[in-house]
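Engineer: I have a structure I would like to understand better, so I am pasting it below and will then ask my questions one at a time.
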Amino acid sequence: MPKDIQKIELRNLELSDYVELKESMIEAYSDWEEPQWTEEQIRTLLEKFPEGQLVMLADGKVVGSALSLIINYSDFDENHSYLAITGNYTFDTHDPEGDVLYGIDVFIHPGYRGLRLGRRLYDARKDLCEKLNLKGIIFGGRIPNYQKYAEELSPREYIRSVRRKEIFDPVLSFQLSNDFHAKKVLKGYLPDDESSLEYAVLLEWDNIYYQKPQKVVDLPKQVARVGLMQWQMRPFSGLEALFEQVEFFVDAVSGYQTDFVLFPELFNAPLLAGLDNLPEAEAIRGLAEFTEPVRDKLREFAISYNINIIGGSMPFIREGMLVNIGFLCRRDGTTASYEKLHITPNEASYWGMRGGSQLAAFDTDCGKIGILIGYDVEFPELSRLLAEEGMQILFVPFHTNTQNEFTRIQLCAKARAIENECYVAIAGSVGNLPRVSNMDTQVAQSGVFTPADFAFPGNGVLAEAPPNAETTLVAELDLALLKQLHTYGSLRNLKGRRTDLFELRRK
């Protein structure tokens, strides 16, 4: 391996590279009778798919290459041969409208191996696959060391041993370390490949960013912008005054083209001031009479301001039972409800509130979201069930009276982001309501938390509002980073679960 290399370059192959390409091919395929590719074949590849042909240079000399086609994979049998894929080297199988990038060759000059140049070629292929929005990369990989073990191991057993690192194969070991997985064994794939005994392994890499082609207006967003309301508890003269304050904040954050706005738990509690002549349990039921009008107004604002509104929570009477309920008002006019499942001891004893029973992730134009009200975020099973439904953002409207209560909410929200590899956004109320029992002070610091892997802030905090002050907080959530984390994160909490030892299920 040369130690005095000054420059490594990766670029698209050009026909003028052929002489040096041929020299490297001869060295790389020293056990083959003749070079793999003729100049005319390279010319054809460059005419049909120039961006798919890559070359690696060391100090200006061609030392490696990766060649590819685009195919419509459903056109081929899974037991296909190399000749079938290449159209008997005519490359007529290349289909610009296909769905898979098929690798037909990768090689590195043996004098330049050990520099991880092959990895660079594969990374460039992956980038191209993502850029072209293809489902993935597929190819038949040789297993040149198989001839040494053929008498004692079947091809399937050999692959299993290589995967377990009990056997080293210069081709298959490299492919597996580059996130490719074996789909099946191919017999007679390359008739002249004597060292592999004509066997190959069909290998696949999935493009996690692939989007099925659809109308542009239906494409889910890759970046979601959220606005959090750190809501000041203040007396309101009536329902219209509350609506005026709500609209003020919706208008403010929608001016930043936010996709979501989150209000706190029991944000309509200031209306209790007008019911202070009633016992606490009767007053909270009186407040519940405003819930449906508030929901309808939030839906109206969601449409007119083109924003998805998560309406915190409000008391609601259902079949005579008092529950804590909230509404997701989408900007397309549809609504959905969510419920607080775990009621605090004070909510039960002072108000007679009961826990709900509904738990579900919600589809939005920015992907799937989950919503847990206050205390519910302190129960990790709930958010894990939502994560299993594909939740990317967990919203937590909360209401806390003391620093201790808030600390529990905040720490649990941070933990849920790590456990479920998702964003968690929390929003609470601040200030006080002096004439309202059990709601006299509020403590909050709204924020957005992340899984704290390398693609995210090291402390797991994407954004935080100043504590205990009325304000709005706007943050951008890169949803593509979550997909990357699920597959390539330094730790993978969702995939790494020991489901052979435990499971979580709904009753």
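The numbers here are math on the coordinates, done by the rules we state, and not lab data. Please read all numbers here as calculations on a predicted model, not as lab measurements. Cβ atoms come from the backbone with ideal geometry, glycine included; neighbour counts cover every protein chain shown.
Engineer: For the stretch 218-488, what class follows from the C-alpha gyration tensor (a ≥ b ≥ c being the square roots of its eigenvalues): rounded when a/c is under 1.5, otherwise prolate if a/b is larger than b/c, else oblate?
Structural biologist: prolate
Engineer: Additional query: Using the 10 angstrom Cβ neighbour count as an exposure proxy, how do Tyr82, Tyr256 rank, fewest first?
Structural biologist: Ordered by Cβ neighbours within 10 Å, fewest first: Tyr256, Tyr82.
Engineer: Determine the percent antiparallel among the DSSP beta bridges restricted to the stretch 218-488, to the nearest 5.
Structural biologist: Taking every DSSP beta bridge with both residues in the stretch 218-488, the antiparallel ones total about 65 percent.
Engineer: Among (i) 82, 52, 42; (ii) 118, 47, 41; (iii) 98, 47, 46, which is the computed Cα extents along the principal axes in Å?
Structural biologist: (iii)
Engineer: In sequence order, what are the phi-derived ³J(HN,Hα) couplings for the stretch 12-24 according to the Karplus relation 6.51 cos²θ - 1.76 cosθ + 1.60 with θ = phi - 60°, rounded to whole Hz, with x for glycine and proline?
Structural biologist: Couplings: 6, 5, 10, 4, 5, 7, 4, 4, 6, 4, 4, 4, 5 Hz.
Engineer: How large is ³J(HN,Hα) for each residue in the stretch 393-406, as worked out from phi by the Karplus curve 6.51 cos²θ - 1.76 cosθ + 1.60 (θ = phi - 60°), to whole Hz, x for Gly and Pro?
Structural biologist: Per-residue couplings from phi come out as 10, 10, 9, 10, x, 9, 9, 10, 8, 9, 4, 4, 4, 5 Hz.
Engineer: Given that compact globular proteins tend to follow 2.2 N^0.38 Å, what is the ratio of the alpha-carbon Rg of the stretch 383-507 to that value?
Structural biologist: Rounded to two decimals, the normalised Rg is 1.20.
Engineer: Do any GluC sites (Glu not before Pro) in the stretch 17-103 lie in a loop, going by DSSP, with at most 14 other beta-carbon atoms within 10 Å of their beta carbon, and if so which?
Structural biologist: Hits after loop and neighbour filter: Glu33, Glu78, Glu97.
Engineer: May I pose another question? Using only alpha carbon pairs under 8 Å that are at least six residues apart, calculate the relative contact order of the stretch 368-507 and give it in whole percent.
Structural biologist: 20
Engineer: Identify, among Leu83, Met229, Ser304, the residue whose Cα sits farthest towards the positive end of the charge dipole of the chain, taking +1 on the Cβ of Lys and Arg and -1 on the Cβ of Asp and Glu, with the dipole about the Cα centre.
Structural biologist: Selected residue: Met229.
Engineer: Now, a different point. Compute the long axis of helix 291-304 from its Cα atoms, compare it with the longest principal axis of the Cα atoms of the chain, and write down the angle in degrees, 0 to 90, nearest 10.
Structural biologist: The two axes meet at around 50 degrees.
Engineer: Which ³J(HN,Hα) values, rounded to whole Hz and listed in residue order, are derived for the stretch 107-112 from phi using the Karplus coefficients 6.51, -1.76 and 1.60 in 6.51 cos²θ - 1.76 cosθ + 1.60 with θ = phi - 60°, glycine and proline given as x?
Structural biologist: Listing the rounded values in order: 8, 10, 3, x, x, 10 Hz.
Engineer: Which trypsin sites (Lys or Arg not before Pro) in the stretch 379-475 sit in a loop by DSSP (not H, G, I, E or B) and have at most 16 other Cβ atoms within 10 Å of their own Cβ?
Structural biologist: Listed in order of number, the matching sites are Arg435.
Engineer: Turning to a different aspect of this structure: Would you order Ile143, Ile26, Ile104 from fewest to most other beta-carbon atoms within 10 Å of each residue's own beta-carbon?
Structural biologist: Neighbour counts put them in this order, fewest first: Ile26, Ile104, Ile143.
Engineer: Under 5 Å between amide H atoms, partner at least 5 residues away or on a different chain: which partners does Ile373 have, H built in plane at 1.01 Å?
Structural biologist: When sequence neighbours closer than 5 places are left aside, the close amide H contacts are Leu341.
Engineer: Let me understand the stretch 8-206 better: what is its radius of gyration from the alpha carbons, and its Dmax, in angstrom?
Structural biologist: 16.0, 47
Engineer: Hand me the trypsin sites (Lys or Arg not before Pro) from the stretch 2-70 located in a DSSP loop with no more than 15 other Cβ atoms within 10 Å, in residue order please.
Structural biologist: Answer in residue order: Lys3, Lys7.
Engineer: Do you know the relative contact order of the stretch 8-206, to the nearest whole percent, from alpha carbon pairs under 8 angstrom that are 6+ apart?
Structural biologist: For the stretch 8-206, the relative contact order is 18 percent.
Engineer: Once amide H atoms are placed 1.01 Å from N in the peptide plane, what residues at a sequence separation of 5 or more from Met314, or on another chain, have their amide H within under 5 Å of its amide H?
Structural biologist: Leu266, Ile325, Gly326
Engineer: Then there is this: Given H placed 1.01 Å from N in the peptide plane, which residues other than close sequence neighbours of Gly367 have an amide H under 5 Å from its amide H?
Structural biologist: Correct list: Lys221.
Engineer: Can you put His109, His399, His181, His486 in order of Cβ neighbours within 10 angstrom, beginning with the fewest?
Structural biologist: His181, His486, His109, His399
Engineer: Here's a follow-up. At q = 0.13, 0.18 Å⁻¹, what log₁₀ I(q)/I(0) does the stretch 289-379 have when each alpha carbon counts as one equal point scatterer in the Debye sum?
Structural biologist: At q = 0.13, 0.18 Å⁻¹ the computed log10 ratios are -0.45, -0.81.
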